[in-house]
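Below is one structure; the comments refer to it alone.
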Amino acid sequence: MRRSSDDRMFRIGTGVFPALVLLIAVGIGFELTRQSSLSISKFGLGFWTGRTWDPVSGEFGALPFIWGTLYSALLALILSTPIALGIAIYISELSPRVLRQPLTYLTELLAAIPSTVYGLWGIVVLTPIIRRMELLLPDPLRKLPLFSGPPVGVGMGTAAVILSIMIVPFTSSVAREILKNVPSAQREAAYALGATRWEAIQTAIGYGKSGIIGAIMLGLGRALGETMAVTMVIGNAPVVALSLFKPQYTMAAVIANEFTEAADDLYRHALIEIGLLLFIITILVNFASRVLIWSAKQRAARVMILPVVSEQEVAA
């Protein structure tokens, strides 16, 4: 009886901690909404479609920052996903056993580097390389919207490269765990049917595709919220442009750059409303990725149990 009571108290006590995390998340959302109420009431939905950001005249439109955040994250995903999946496949499927742990450690080490260091590396090393690439482009390409812009080195393309390097360890780590959780029966069945090693790996990738998509979305969530590295190399110009070379802006960057300069309430509320949208987008992306990863693990567990059940039925 006492043991049952102790177990109940232990369950309640430990349940307080996840409830506290949920309460903090709800509190953050509530406070961001309350602190941006002036901007919400004045601009409404027009705040998210407006292109003018002029604190002096009191005109605030967040579309350049929304565009810059989504565009830079999408470009980073395009660049990082093949590299991250290649790392995950090699470490989990092809690497010699003696190299697996060192390669895993070196890949995850990228996640431990501060974003400011990435930004400094981008300014010192990457920006001159991008500038030279811009100058070497032929004139017909420079007339295209994707490659137009001044050859200054800072801009959307530089920020996308930095972001792609930063999210590789997150995507590859989760994808590697997904591939490790694929039941060996899947690969053995492929080999039994005469599949090559690459075809067996394709079978494993297909089996864990929902979890791999979740890993990619985790990388997306990381890219959406990155601040300092992007702020240092994107150029910080509130424009909406397709160009990889034009300076642009992101939601996190404008908050970091201008929040201390917000002298009046409307200016401050507009910045907080940008933070509210960034908070909502990040929560939704990370929640969707966790659901996909959970579904992949549940599917793997069901496949591992099914052969045991069938053998028991045959014996009966």
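The values are calculated or read from the model by the stated rules, or taken from the named source; none is laboratory data. All figures in this text were calculated on a predicted structure; none of them were measured in a lab. Glycine gets a Cβ as well: all are built from the backbone with ideal geometry, and neighbour counts include every protein chain shown. These accessible areas exclude ligands, DNA and RNA; they are computed on the full protein's heavy atoms, side chains included. Shrake-Rupley method; radii C 1.70, N 1.55, O 1.52, S 1.80 Å.
For the reader, a short list of remarks on this structure follows.
- Restricting the stretch 54-109 to residues that are open to solvent by 60 Å² or more (accessible area, probe 1.4 Å) and touching a helix residue (DSSP H, G or I) at 6+ places or on another chain (Cβ under 7 Å), the residue that is farthest from Gly221 (Cα to Cα): Arg100
- Checking Gly27 against (1) modelled with pLDDT of 85 or more; (2) in contact with a helix residue (DSSP H, G or I) (Cβ under 9 Å, 6 or more places away or on another chain); (3) not basic (Lys, Arg), the condition it does not meet: (2)
- Of the numbered criteria (1) open to solvent by 30 Å² or more (accessible area, probe 1.4 Å); (2) over 17 Å from Ala73 (Cβ atoms); (3) part of a loop (DSSP other than H, G, I, E, B); (4) not basic (Lys, Arg), the one Thr260 fails is (3).
- Residue count for the stretch 263-276, restricted to those that are open to solvent by 40 Å² or more (accessible area, probe 1.4 Å) and not charged (D, E, K, R): 1
- Looking across the stretch 134-169 at every residue that is assigned to a helix (DSSP H, G or I) and free of Cβ contacts under 8 Å to residues at least 60 places away in the same chain, the one that is most open to solvent (accessible area, probe 1.4 Å) is identified as Leu136.
- Odd one out for Ser243 among (1) assigned to a helix (DSSP H, G or I); (2) open to solvent by less than 10 Å² (accessible area, probe 1.4 Å); (3) touching a Pro at 6+ places or on another chain (Cβ under 8 Å): (1)
- Val254 open to solvent by less than 40 Å² (accessible area, probe 1.4 Å), in contact with a helix residue (DSSP H, G or I) (Cβ under 6 Å, 6 or more places away or on another chain) and modelled with pLDDT under 90: no
- Residue match in the stretch 181-188 (condition: over 15 Å from the mean Cα position of the chain (by Cα) and buried (at least 23 other Cβ atoms within 10 Å of the Cβ)): yes
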